[in-house]
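Data first, discussion second: the structure below is written as structure tokens.
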Amino acid sequence: MTDHTVLPVDDPAVLKHVPESGYTLSWSGLSWTVKDKTVLTGLSGIVTPGSVVAILGASGAGKSSLLDILAGRRKPTSGSLMVNGQEGVPMKHVSRYCTQEDALLGSLTVYETLDYAARFNMPSTTTAAERRAHIDRLLAEFGLEDVRDTIVGTPLLKGCSGGQKRRVSVASQIIGNEGGILFLDEPTSGLDSVSSAHLVKSLRDLANDNNSTILATIHQPATDTFNLFTHVLLLGQGRTVFFGAREEAVEFFASIGKPVPTYANPADVFLEWTNVDYDANRDARRQEVQAMAEQFRASPRMMKIERAVHDLRQVAASGGVPAVQAGFTNGVMYQTATLMSRMFLNARKDILAYWVRVAMYVGLAILMGTTWLRMGTYQSTVQDRLAAIFFSVAFLSFMSVAGIPAFLEVRHVFLRERGNGLYSTAAYLLSDFIVSMPFIFIITISFSLIAYWLMGFQGDAGRFFVFVGYLFLALLVAEAQVIFISVAIPIFVAALAITAFLNGLWMVVQGFFVQRMNLPGFWRYSFHYIDFQKYAFEILVKNEFSENMWFQCQRVGAVAPGGSTAANATAAITNAAVQNPACFCIFPSTRSTDGCSFNGLDIIDYYGYGEVNYGAWAGLMIAILVAFKIGTYLILRKHKN
Ligand SMILES: Nc1ncnc2c1ncn2[C@@H]1O[C@H](COP(=O)(O)OP(=O)(O)OP(=O)(O)O)[C@@H](O)[C@H]1O
């Protein structure tokens, strides 16, 4: 176990010991300037395994910025960051970062959440029993045994309290990474003082038992909580005002003429000293804080730290420290399989994301089926059929916007987990696509089984499956579009507005409201040909208006019938196309023999869908799908965690 009373920085025995039993994190001359503002200036420090460091400082002091840089999530403007004296170690493979906001899947129980965290973080050879034992220990340690089988909580179903979620978040970062470096941004925010103290006690035990290296930013810790930290890093105006063992902080400030009042909580006093925001004379206060930082910089403590950083680096450079082995815990196949299993579970349990959507599509199918009820083959049903096909494709695609909230939740979890090196972007997108397929298929088939037959489209199994297949493909593209937009603009209202707008655009330019030949060139060449709904619509039109389909015209003087059967009409036709003055046909026919009917293919000719090709059109839809997926991948790849 490490001695926490002093930073064990200049003891060669310690330096030798460090690499064998955990990670020593050190940094030297770190500065960060952003938009002409110097946020951090010349920070150096070293944290050995077994330490739990509280990063303290007034609001805006640079705590989160420093944590981000130490965790490798932000690049410093200058300075270096080392693990066991070595630069360039990928931090995501040796550390975990627990963000201020919880990023959890609301439909999973606490146990399921920890179980998947364990599967990702522990080697694939770990047995279920080993995982269970591990999780049980953590549940006990974090006071979560009573909510073991409670869901985390969704907008529809209440689950854990805010404080419990915080503990689940922290526990899920720790699991499987006990001997690593753990960064926590405000782990106690939202917790009462008892829960905060329990949480920090758990962190302290973890560090003691596993030689973990823990750094946490913290706002105003109560005395009990503060006393559990082994070290304090006090920031003021982006500089180190103090860094060392907690017990020595008070002593240091006394030595520079700033004694902490006897019964005061030192953490409160430190924050008071480093806060410049509320002082009437802010410039004078800033200078005071900088003077304190200057005094610390010139102190023997800082020299000791700098020497330790230097010595460890030297030892590492001369090969005295084994190279840090860093990589994914498990292979890509295992990552993908684990992700898929969790996504299936989440999809199955997430009522809002999937089952409410299925219910909505079933409702729409009943609505459409009963309004377009059993269309006959009278000529006016041509328009009805076209409208039914258009509406099926357009509205079902449109309703994919309902998936945005669920996707944004999953995205949040993904970014946190990828940042922690649990899996790659490709593994995530592949799993998401595979898992979404059966759910989109359930939506398509539920809709089609009801709507197709009720509306009275051609009663032919082959045509039904073409209908299902192309509608399914259109919905896959619509879903890919929603994900692409949610990734590009991850703000719910904005993603919703843009998806709705785009779907409106696709509906308008797809060639139903305005025939392709009448579309102005700009819309035709810029959007019409990349409109996935156009391809699905045209295929379904071709599927429905086939050679065996005959429509009856209106006989002059006769009342328009509800519709006679195609078979009767077909039977009446024997010869070449003729004109029949006794009939009024709204579509010209080159195939009618009685002049009082027209064929499905006449409709196809009339609308210019002759060139529609099942394979090519499917290929084009798949190409649009792939384009959305590649776009999503590139944006996610570029996205900082
Ligand atoms: N990306 C950025 N662009 C511009 N300024 C930034 C950026 N990130 C941080 N800052 C500025 O750097 C300073 C330190 O921010 P940081 O979030 O690190 O402080 P903090 O100590 O964690 O504050 P708090 O306790 O309020 O969270 C702030 O003044 C902030 O406005």
- Message: Is it the case, given these coordinates, that VAL53 is away from the ligand (no atom under 13 Å from the Cβ), modelled with pLDDT of 90 or more and within 22 Å of GLY419 (Cα to Cα)?
- Response: yes
- Task: Mind listing just one residue for me: the one in the range 17-27 that is at pLDDT 90 or above and over 30 Å from the mean Cα position of the chain (by Cα) and, of those, nearest to the ligand (Cβ to nearest atom)?
- Result: TRP27
- Note on the structure: Per the filter on the range 59-75, residues open to solvent by 10 Å² or more (accessible area, probe 1.4 Å), within 7 Å of the ligand (Cβ to nearest atom) and small (Gly, Ala, Ser) are SER59, GLY60, SER64, SER65
- Which one is most open to solvent (accessible area, probe 1.4 Å), of the residues in the range 76-104 that are within 26 Å of GLY163 (Cα to Cα) and within 16 Å of the ligand (Cβ to nearest atom)? GLU101
- Going through the range 184-218 in order, the residues found to be part of a loop (DSSP other than H, G, I, E, B), in contact (Cβ under 8 Å) with a residue 60 or more places away in the chain and within 16 Å of the ligand (Cβ to nearest atom) are GLU186, PRO187, SER189, ILE218
- Message: Condition first: part of a loop (DSSP other than H, G, I, E, B) and hydroxyl-bearing (Ser, Thr, Tyr). Now tell me which residues in the range 43-75 satisfy that.
- Response: THR48, SER51, SER59
- How many residues of the range 220-252 are touching a residue at least 40 places away in the same chain (Cβ under 8 Å), open to solvent by 10 Å² or more (accessible area, probe 1.4 Å) and either within 16 Å of the ligand (Cβ to nearest atom) or among the acidic types (Asp, Glu) (or both)? The answer is 6
- Since MET292 meets every condition but one in (1) more than 25 Å from LEU30 (Cα to Cα); (2) over 41 Å from the mean Cα position of the chain (by Cα), which condition does it not meet? (1)
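Each row is one residue, and each column tells you yes or no for (1) hydroxyl-bearing (Ser, Thr, Tyr); (2) modelled with pLDDT of 95 or more; (3) assigned to a helix (DSSP H, G or I).
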position	(1), (2), (3)
LEU476	no, yes, yes
SER486	yes, no, yes
ARG524	no, no, yes
SER546	yes, no, no
PHE551	no, no, no
ALA571	no, no, yes
GLN579	no, no, no
- Note on the structure: Here the residues within the range 151-178 that are surrounded by 17 or more Cβ atoms within 10 Å (Cβ to Cβ) and part of a loop (DSSP other than H, G, I, E, B) are VAL152, GLY153, THR154, GLY159, CYS160, ILE175, GLY176, ASN177, GLU178
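Listed here are the residues, each with its yes/no results for (1) open to solvent by 50 Å² or more (accessible area, probe 1.4 Å); (2) over 31 Å from the mean Cα position of the chain (by Cα); (3) without any contact (Cβ under 8 Å) to a residue 12 or more places away in the chain.
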{"residue": "LEU429", "(1), (2), (3)": "no, no, no"}
{"residue": "VAL435", "(1), (2), (3)": "no, no, no"}
{"residue": "PHE457", "(1), (2), (3)": "no, yes, no"}
{"residue": "PHE465", "(1), (2), (3)": "yes, yes, yes"}
- Task: Could you grab me the full set of residues in the range 597-607 that are part of a helix (DSSP H, G or I), surrounded by 20 or more Cβ atoms within 10 Å (Cβ to Cβ), of a type outside the set (Val, Ile, Thr) and in contact with a Lys or Arg (Cβ under 7 Å, 6 or more places away or on another chain)?
- Result: ASP602
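For (1) touching a residue at least 40 places away in the same chain (Cβ under 8 Å); (2) assigned to a loop (DSSP other than H, G, I, E, B), each residue gets a yes or a no:
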{"site": "TYR97", "(1), (2)": "yes, no"}
{"site": "GLN100", "(1), (2)": "yes, yes"}
{"site": "ALA103", "(1), (2)": "yes, yes"}
{"site": "GLY106", "(1), (2)": "yes, yes"}
{"site": "ASP115", "(1), (2)": "no, no"}
{"site": "ARG119", "(1), (2)": "yes, no"}
{"site": "PRO123", "(1), (2)": "yes, yes"}
{"site": "ASP149", "(1), (2)": "yes, yes"}
- Task: Restrict the check to the range 35-42 and report whether at least one residue is assigned to a loop (DSSP other than H, G, I, E, B), under 30 Å from THR223 (Cβ atoms), within 13 Å of the ligand (Cβ to nearest atom) and modelled with pLDDT under 90.
- Result: no
- Message: Just to be sure I understand the filter: pairs with C-beta atoms under 8 Å, separated by 6 or more residues or on different chains, first member in the range 608-633 and open to solvent by 60 Å² or more (accessible area, probe 1.4 Å), second member of a type in the set (D, E, K, R). Which pairs pass?
- Response: TYR614/LYS542
- If we ask which residues in the range 251-277 are charged (D, E, K, R), under 20 Å from HIS219 (Cβ atoms) and not in a helix (DSSP H, G or I), their number turns out to be 1
- Message: Just checking, does the range 391-403 include any residue being touching a Phe, Trp or Tyr at 6+ places or on another chain (Cβ under 6 Å) and at pLDDT 85 or above?
- Response: yes
- Just checking, which of PHE484, PHE472 is out of contact with any Leu (no Cβ under 9 Å at 6 or more places or on another chain), of a type in the set (Phe, Trp, Tyr), within 20 Å of TYR633 (Cα to Cα) and surrounded by 15 or more Cβ atoms within 10 Å (Cβ to Cβ)? PHE484
- Task: Kindly provide the set of residues from the range 307-322 that are within 27 Å of ALA254 (Cβ to Cβ) and open to solvent by 90 Å² or more (accessible area, probe 1.4 Å), ordered by number.
- Result: ARG307
- Residue list for the range 271-289, restricted to those being buried (at least 17 other Cβ atoms within 10 Å of the Cβ), of a type outside the set (Val, Ile, Thr) and touching a residue at least 40 places away in the same chain (Cβ under 8 Å): LEU271, ASN275
- Message: Kindly evaluate LEU30 against the criterion of being without any contact (Cβ under 8 Å) to a residue 60 or more places away in the chain, in a strand (DSSP E or B), away from the ligand (no atom under 13 Å from the Cβ) and buried (at least 18 other Cβ atoms within 10 Å of the Cβ).
- Response: no
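The values are calculated or read from the model by the stated rules, or taken from the named source; none is laboratory data. Quantities reported herein were computed from a predicted structural model and do not represent experimental measurements. Because the Cβ atoms are built from the backbone with ideal geometry, glycine has one as well, and the counts that use them run over all protein chains shown. Protein only, heavy atoms only, side chains kept; ligands, DNA and RNA dropped before computing areas. Shrake-Rupley method; radii C 1.70, N 1.55, O 1.52, S 1.80 Å.
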